[in-house]
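J.: After the structure tokens below, expect a handful of questions from me.
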Amino acid sequence: MKLSVVIPVYNSQSTIRLLVERLQSELSAISFEIVMVNDGSRDASERIGQQLADQYSNVRFISLRRNYGEFNAVMCGLNWAYGDYCVMIDDDFQNPPEEIFKLLATAEKGDHDVVYTYYEKKQHSKRRNMGSKLVNWITGYLLNKPKDLYLSSFKLIKHEVVQEIIKYQGPYPYIDGLIFRITNNIGTVQVSHLKREEGASNYTWRKLISLFLNILFCYSSLPIRVFMPIGLGLFGLGFILLTFLFGQWILGPDPKGWQVVTAAFIFIGGIQCTLLSVLGEYIGKSFMAQSGQPQYVIKYNSTVTA
């Protein structure tokens, strides 16, 4: 099968049928499947999804028991995607289905593992655009993401990389974070971005904060490592102050009591922060070992024959 299209569905009763019908029309020239994952929608999305699965033989519909979040829904879809390439597309019709061919062409021409999309002009709300910029800035520092790479939800992933991504079994998947653990062979392509015609965006600041905390504590050891320079800085400052006060005590006049106590607190605090950072490194390494991060991912092995 050439392509799997994974669609996370949430309260999209007004668009999901039109999206599937458009995909059937636009992608008719290739072999493809559609995997829809209903993420605990509160409207008629589940009923419509079941109808579409009955109507089309290449549509698979999965419904989750509650709302787990977009990344969890996508992760579920990836586990049931069998195409040579997998494309994630939102259910709001802001990404035209015909643009999928641009992603396929870019992946095949450049032999890319992943292809991200970017837009000349985004048609999201100002609030969502601001949130997207913040997430891209954060991931640039925490995940070593190229600063000029926009982490769009509309992207293509090669089957081999999908198989590595789904090895992650934790409850807090972040697809982009998992991608950067596996490969840096990433391409980009500009696509159209349309205004939302129906419904309201499910994007909220609560979800943005949740995503930020997920990236910060599940995909980066930076919070732990911050203590090391702080601890060393306090240790050095405390040592200098205590040395100066000791010299003052020898040569006179005698230092004041509050000066000695302050310097001692800084010195001891520096030691504590440094020790905390060392302990945190052990905990962080243990956490990363249990998080499903692979030791390595083989792209080609000449010793393996068909």
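J.: In segment 162-175, which residues are out of contact with any Cys (no Cβ under 7 Å at 6 or more places or on another chain), under 16 Å from Tyr85 (Cα atoms) and either surrounded by 18 or more Cβ atoms within 10 Å (Cβ to Cβ) or not polar (S, T, N, Q) (or both)?
T.: Of everything in segment 162-175, those that are out of contact with any Cys (no Cβ under 7 Å at 6 or more places or on another chain), under 16 Å from Tyr85 (Cα atoms) and either surrounded by 18 or more Cβ atoms within 10 Å (Cβ to Cβ) or not polar (S, T, N, Q) (or both) turn out to be Glu164, Ile165, Ile166, Ile175.
J.: State yes or no: is Ile240 at pLDDT 90 or above, of a type outside the set (Gly, Ala, Ser) and either under 26 Å from Ile283 (Cβ atoms) or not in a helix (DSSP H, G or I) (or both)? Give the derivation first.
T.: Details: at pLDDT 90 or above: yes; of a type outside the set (Gly, Ala, Ser): yes; either under 26 Å from Ile283 (Cβ atoms) or not in a helix (DSSP H, G or I) (or both): no.
No: the conditions fail for Ile240.
J.: What helices (runs of 4 or more DSSP H), lying completely within segment 1-113, carry at least 3 residues that are touching a residue at least 40 places away in the same chain (Cβ under 8 Å)?
T.: On the way: elements: 16-26, 45-55, 70-79, 100-110.
Fully inside segment 1-113 and qualifying: 16-26, 70-79, 100-110.
J.: Another question, if that's okay. Let me spell it out: the conditions are (1) at pLDDT 70 or above; (2) of a type in the set (A, V, I, L, M); (3) not in a helix (DSSP H, G or I), and Ala263 meets all of them except one. Which number is the exception?
T.: Ala263 satisfies every listed condition except (3).
J.: Checking Leu143 against (1) at pLDDT 70 or above; (2) outside the structural domain of Arg17 (by TED's automatic domain parsing); (3) surrounded by fewer than 18 Cβ atoms within 10 Å (Cβ to Cβ), only one condition comes out false. Which one?
T.: (3)
J.: Given the conditions (1) modelled with pLDDT under 95; (2) surrounded by fewer than 20 Cβ atoms within 10 Å (Cβ to Cβ); (3) on the phi < 0 side of the Ramachandran plot, and given that Ser31 satisfies all but one, which numbered condition is not satisfied?
T.: For Ser31, the failing item is (1).
J.: Next question. I need the full set of residues from segment 169-188 which are in a loop (DSSP other than H, G, I, E, B) and closer than 10 Å to Leu78 by Cβ, in order please.
T.: Pro173
J.: Within segment 89-96, can one find any residue that is under 21 Å from Tyr172 (Cβ atoms) and crowded, with 20+ Cβ neighbours inside 10 Å? Talk me through it step by step, then tell me what you get.
T.: Going through segment 89-96, the residues under 21 Å from Tyr172 (Cβ atoms) turn out to be 90.
Those left that are additionally crowded, with 20+ Cβ neighbours inside 10 Å: 90.
Yes - at least one qualifying residue is present in segment 89-96.
J.: Suppose we filter Ala29, Ala53 for residues that are in contact with a strand residue (DSSP E or B) (Cβ under 6 Å, 6 or more places away or on another chain) and more than 22 Å from Leu194 (Cα to Cα); which single one remains? Reasoning before the result, please.
T.: On the way: Ala29 fails: in contact with a strand residue (DSSP E or B) (Cβ under 6 Å, 6 or more places away or on another chain).
Exactly one residue qualifies, and that residue is Ala53.
The values are calculated or read from the model by the stated rules, or taken from the named source; none is laboratory data. Keep in mind the model is a prediction, meaning the values are calculated, not measured. Using ideal geometry, Cβ is built from the backbone for each residue, glycine included, and neighbour counts are taken over all protein chains shown.
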